[in-house]
Amino acid sequence: MSVERTLKKLVSGVILDLDGTLINTDGIVSEILKVFLVKYGKQWDGREAPHIVGKTPTEAAAAVVEDYGLPLSTDEFLSQFYPMLSDQWRNIKALPGANRLINHLRGHGVPMALASNSSRSNIEAKIFHHAGWKESFSAIVGGDEVKAGKPSPEIFLEAAKRLNMDPSSFLVIEDSIPGVTAGKAAGMAVVAVPSLAKQSHLYTSANEVIHSLLDLQLEKWGLPAFQDRIEGTLPLEPWCIGGPVIKGFGRGSKVLGIPTANLSPEGYSAILSEHPAGVYFGWAGLSGRGVYKMVMSIGWNPFFNNTEKTIEPWLLHDFNEDFYGEELHLVVVGYIRPEANFLSLETLIAKIHEDRKIAERALELPQYLKYKDDPYLKISLHLEN
């Protein structure tokens, strides 16, 4: 399909949100809230996450205090909680695709601004440990530099003003509903990358909704396209996950004819929060057996409407028997596509087999084949020795 037919709007600059869009702040906040609330006999269950995503620090604090009935004022909560949080700024990881996006836009000379409801000093602290980020932005606007934070458009209008560009010439990339609302009110095009699970249907005012920055197609907005996909795949900075193979939903072999080797999501909440739902591929080391090609899904499998985010690898090898309980180590090296729903079981199965073909071909390429010798996979071969 031609770029002309898919072009949504011509823009010449990009304004990025920070928390939940470029960095995994939500993961750190959740971990610290778990510890903080225990002091008051409460347990963080994430139920008020929709009330705090995209809000100013004061609004988010007020939501937590009210929802959990804490015997604190909002200011008292902030004075206790924020020092714990700021100690962890250095540990906040970039979300998948963030470095790729910033480097790409900078390399092509596309004007960029950062606009966040966080204070300017907190923004600076959060991006300090991400090499090249600060100097990539021609303007940085914090929530304490405007009269009203998002969903007011003021923060985006101020960013446009500092870049001396018309607001309508910008594309805003946001993870929260207040941010999307602010961008649209500023007269800008908005791409939403929802940070809350299974909430995409709430972002109807955005011009486009995508699963993650890995799925961003800049050419739709008249910006230079990414040129880094290889034979239908996107190379990733490799990451690892492992554990004993568990029994899944029983549908892999029986319903789909595709025997997946499921890993328990318990203990991997941080990793799961870092990686968007989608189809990935790489190498699998199975204790005492060998190293195999694999393709895997991360997500909620919308066709089956899972209630929790799962990891379901498919080892691309014919095994004669089950291997429940055996140690499985995965090295994930690339990304194929976002998670999707399907109208029928047949189209789902066809797509999974297409993913298999893409993964099998790609893993023969030197860029991916070299990871077959990763020590993490070799260690798994000796766990039972």
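Structure values in brief
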{"read-out": "Projected area, mean over directions - the range 188-230, Cα convex hull, nm²", "value": "3.8 nm²"}
{"read-out": "Choice from P83, P259, P313 showing the highest fluctuation, given a GNM over the chain with Cα pairs closer than 10 Å", "value": "P83"}
{"read-out": "Percentage of interatomic Cα-Cα distances in the chain larger than 26 Å", "value": "56 percent"}
{"read-out": "Mean separation of Cα contacts under 8 Å (6+ apart) over length of the range 143-232, as relative contact order %", "value": "20 percent"}
{"read-out": "For the range 40-170, size of Cβ-based charge dipole, Lys and Arg +1, Asp and Glu -1, in debye", "value": "580 debye"}
{"read-out": "Alpha-carbon centroid distance for the pair the range 83-108 / the range 312-385, whole angstrom", "value": "28 Å"}
{"read-out": "Cα-based convex hull volume of the range 154-219 per residue, rounded to whole Å³", "value": "84 Å³"}
{"read-out": "Loop-resident sites, the range 107-208, for chymotrypsin sites (Phe, Trp or Tyr not before Pro), counting at most 16 other Cβ within 10 Å (DSSP)", "value": "F128"}
{"read-out": "Sparse-neighbourhood loop sites, trypsin sites (Lys or Arg not before Pro) in the range 174-232 - DSSP loop, at most 14 other Cβ within 10 angstrom", "value": "R229"}
{"read-out": "Candidate aspartates and glutamates for bridging to K370, where Cα separation is under 15 Å - those fewer than 8 sequence places away on the same chain excluded", "value": "E237, E360"}
{"read-out": "Neighbourhood charge, 13 Å Cβ-Cβ cut-off, centred on Q367 and excluding it, Lys, Arg +1 and Asp, Glu -1", "value": "0"}
{"read-out": "Listed residues Y335, Y280, Y82, most fluctuating in the chain (Gaussian network, C-alpha, under 10 Å)", "value": "Y82"}
{"read-out": "Dipole of the range 39-185 [Lys/Arg +1, Asp/Glu -1 at C-beta], most positive-end residue of N122, G179, A139", "value": "A139"}
{"read-out": "Within the chain: Cβ-based charge dipole about Cα centre, in debye rounded to nearest 20 (Lys, Arg +1; Asp, Glu -1)", "value": "600 debye"}
{"read-out": "Projected-area mean, the range 76-203, by convex hull of Cα positions, square nanometres", "value": "8.6 nm²"}
{"read-out": "Environment charge at M84 (Cβ cut-off 13 Å; Lys +1, Arg +1, Asp -1, Glu -1)", "value": "0"}
{"read-out": "Per residue accessible area of the chain, 1.4 Å probe, in Å²", "value": "46 Å²"}
{"read-out": "Fraction of beta bridges assigned by DSSP in the chain that are antiparallel (%, nearest 5)", "value": "70 percent"}
{"read-out": "Among the listed pairs K8/K351; K34/K126; K34/K378; K9/K55; K293/K378, those beyond 24 Å (Cα-Cα)", "value": "K8/K351; K34/K378; K9/K55"}
{"read-out": "Gaussian network model of the chain, Cα within-10 Å springs - most flexible of S169, S73, S200", "value": "S73"}
{"read-out": "Ranked by how many other beta carbons lie within 10 Å on average, peptides 240-246, 87-93 from highest", "value": "240-246, 87-93"}
{"read-out": "Environment charge at V191 (Cβ cut-off 14 Å; Lys +1, Arg +1, Asp -1, Glu -1)", "value": "-2"}
{"read-out": "Long-range amide H partners of M296 with built H, under 5 Å", "value": "Y280, F281, W314"}
{"read-out": "Whole-percent carbon and sulfur share, accessible surface of the chain, 1.4 Å", "value": "52 percent"}
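The values are calculated or read from the model by the stated rules, or taken from the named source; none is laboratory data. Computed from a prediction, not measured in an experiment: that's the story for all the values here. Please note: Cβ atoms are built from the backbone with ideal geometry, for glycine as well, and neighbour counts cover all protein chains shown. Accessible surface areas use protein heavy atoms only, side chains included; no ligands, DNA or RNA. Shrake-Rupley method; radii C 1.70, N 1.55, O 1.52, S 1.80 Å.
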